[in-house]
Amino acid sequence: MAQTSPSAPSVAVLCGLGGWVPPRIVDNAELSARLDTTDAWITERTGIRHRRHIEPGQATSDLAVEAGRRAVRSAGGAPPDAVLVATTTPDRPCPATAPVVAARLGLAGVPAFDVAAVCTGFLYALATASGLLATGAARRVLVIGADAYSTIVDPGDRTNAVIFGDGAGAVVLRSGSPEELGALGPFDLGSDGAGEDLITVRAGGSRQRSAGDDGPPAGPERFFEMHGRAVYRHAVVRMSGSARAVLDAADWKSDTVAHVVPHQANLRILRSVVEHLGLPEERLVTNIRDLGNTGAASVPLALCDAAADGRLTPGDGVLLTAFGGGLTWGSCVLRWPALPPTVRPATPADPPTPRPGTPGTPTPKEQHP
Ligand code: COA
C-alpha cells in the first residue's frame, strides 16, 4: 500500500475502462420455452431481449478478472495499487473476491476488498476508491463491478430469471486534480435498511445460519427474492432524487448533462428517471436490451458500450446513478476523459488466467516484478 502524504492530490480521475460478459446468450425465447412467460411480456415490461450467463464451473471472479485486465490495459498498463470488487455474488461468503482477483491479475500484495451495496455497489466502490486516493493511501485503484446473478436466481422464478444477467465492468482511477477531464465528484450516497426485505437472499448469513440448530439452508430462502412493484417505485424516486442532489451539488444545469448512465434496472424505470430529471430520452445510455440487469456491473458495462459506440466524447458531462438492495442508492458526475478505443464487453476473452495455486502457475512476484 502507498504511504499517506499530506500533499497528496485530492480527487479520483477515471483513466481506464473495460468490461466483459460471458459468451452464452440466453434469449427470451429460451426462457419462454421453460417458464410461464412470453417474449412480448418480457420486452414490454422490462425492455430486455437477451442476457448472458456464465457456464457451470465459472464464478464472479472469472468475469471480474477479464474486465479488470481490460481496464488496466485501457489505462496504459501500469499496475494498480488497490483493487475493489463490488458484488452481491462473491465466489464464496468468505473470503472476499477482490484478493483473488488481484492475485490473478498479478497484483498480490495490494489492498483488496469487496464492497457490498448490491446494485449500487459500483457507485459505492467509486466513492471508496476516491477516499483511498484522497488520503494518499493509494495512487491507482482498480474498481470492478461484477455479478453472476444466474447463480442465485431460482431458475423457476419467472420474474427474476427474465431480469438478471451476468457480467463485469471496471475502471481504473488515479490521483488527480478536480479540473481534469475524468475527475469524479461530487457524490451522493444513501441507504434505508427499513427496506431490507424488498431485495434479499434470506439464508447463508448469521440470521439464517449455515451452522446451528437449523442446519444448512435448503429451501427457497437460499435464492434471490425481490418485491418488484415496490422496488420499481423506490428505484425511480431514489435514483432521480440522488441524481438531482448531485447535479445541484455540482451546480450542473440540465444542458450540462450530455449522458445519463443509470444502473440498468428496467427500461421503464430508466425512462422514468430521465423524465423526472427533465432530460430528453436521447441522453439516456442503456444496453439493458442485450445484457439485462447485471447488478453492480451494469453502470461500467453501459459506459463500455457507450464508449465503444463512440457516444462518449472528451468533455461530455456524464451523470452516473444507481439504486439497489439495502436499500441503497448513489450518484456522481464527471466530464468524460480521452481514453483509448474501448473494447466491446461482448468481445471474446483472453485465454483464462489460472487461479493461484494451480500447478504451473507462477507466483505473483514472478508475474509482476
Ligand atoms: N412473465 C409473465 N408474467 C409475469 C412475469 C413474467 N416473467 N413476471 C411476473 N408476471 C406476472 C405477475 O405474476 C403478475 O401476475 P398477476 O397480476 O396475475 O399477479 C403480473 O405479471 C404483474 O406483475 P407485476 O409485478 O405487477 O408486474 P410489473 O409490471 O410490476 O413488472 C417487474 C414486474 C418485476 C418487471 C417490475 O415490477 C420491475 O421491473 N420492478 C423493478 C425490478 C428492478 O428493477 N429490480 C432491480 C432493482 S436494483
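Brief remarks follow.
- Flag for Leu105 being under 14 Å from the mean Cα position of the chain (by Cα), away from the ligand (no atom under 16 Å from the Cβ) and closer than 26 Å to Val261 by Cβ: no
- Any hit, the stretch 205-224, residues being within 16 Å of the ligand (Cβ to nearest atom), over 30 Å from Pro314 (Cα atoms) and part of a loop (DSSP other than H, G, I, E, B): yes
- Against the criterion of being surrounded by fewer than 18 Cβ atoms within 10 Å (Cβ to Cβ) and either within 15 Å of the ligand (Cβ to nearest atom) or on the phi < 0 side of the Ramachandran plot (or both), Arg229 qualifies.
- Scanning the stretch 184-204 for residues that are part of a helix (DSSP H, G or I) and open to solvent by 70 Å² or more (accessible area, probe 1.4 Å) yields a single hit, Ala194.
- Restricting attention to the stretch 232-256, the residues that are open to solvent by 40 Å² or more (accessible area, probe 1.4 Å), in contact with a Gly (Cβ under 8 Å, 6 or more places away or on another chain) and within 15 Å of the ligand (Cβ to nearest atom) add up to 2.
- Residues that are open to solvent by 30 Å² or more (accessible area, probe 1.4 Å), part of a helix (DSSP H, G or I) and either within 16 Å of the ligand (Cβ to nearest atom) or touching a strand residue (DSSP E or B) at 6+ places or on another chain (Cβ under 8 Å) (or both) within the stretch 119-150 comprise Tyr124, Thr128, Leu132, Ala134, Ser150, listed in sequence order.
- The test for being within 16 Å of the ligand (Cβ to nearest atom) and open to solvent by less than 10 Å² (accessible area, probe 1.4 Å) does not hold for Leu334.
- His259 vs. criteria surrounded by 13 or more Cβ atoms within 10 Å (Cβ to Cβ) and within 16 Å of the ligand (Cβ to nearest atom): no
- Only one entry in Ala29, Ala78 is away from the ligand (no atom under 16 Å from the Cβ), of a type in the set (A, V, I, L, M, F, W, C) and not in a strand (DSSP E or B), namely Ala78.
- Among the conditions (1) open to solvent by 40 Å² or more (accessible area, probe 1.4 Å); (2) at positive phi; (3) β-branched (Val, Ile, Thr), the only one that Val100 does not satisfy is (2).
- Residues being assigned to a loop (DSSP other than H, G, I, E, B), within 19 Å of Ala296 (Cβ to Cβ), away from the ligand (no atom under 16 Å from the Cβ) and open to solvent by 20 Å² or more (accessible area, probe 1.4 Å) are represented in the stretch 56-66 by at least one member.
- Selection of the stretch 151-169 for residues being away from the ligand (no atom under 13 Å from the Cβ), of a type in the set (S, T, N, Q) and in contact with a Gly (Cβ under 7 Å, 6 or more places away or on another chain) yields an empty set.
- Tally of residues being away from the ligand (no atom under 16 Å from the Cβ) and either free of Cβ contacts under 8 Å to residues at least 40 places away in the same chain or open to solvent by 20 Å² or more (accessible area, probe 1.4 Å) (or both) across the stretch 81-97: 8
- Within the stretch 276-311, the residues that satisfy the criterion of being within 16 Å of the ligand (Cβ to nearest atom), assigned to a helix (DSSP H, G or I) and either closer than 24 Å to Ala146 by Cα or of a type in the set (Asp, Glu) (or both) are Ile288, Arg289, Leu291, Gly295, Ala296, Ala297, Ser298, Val299, Pro300, Leu301, Ala302.
The values are calculated or read from the model by the stated rules, or taken from the named source; none is laboratory data. The model shown is predicted, which means the values in this text are computed figures rather than measured ones. Glycine also receives a Cβ, built like all others from the backbone with ideal geometry; neighbour counts cover every protein chain displayed. Surface areas here come from the heavy atoms of the whole protein model, side chains and all, with no ligands, DNA or RNA. Shrake-Rupley method; radii C 1.70, N 1.55, O 1.52, S 1.80 Å.
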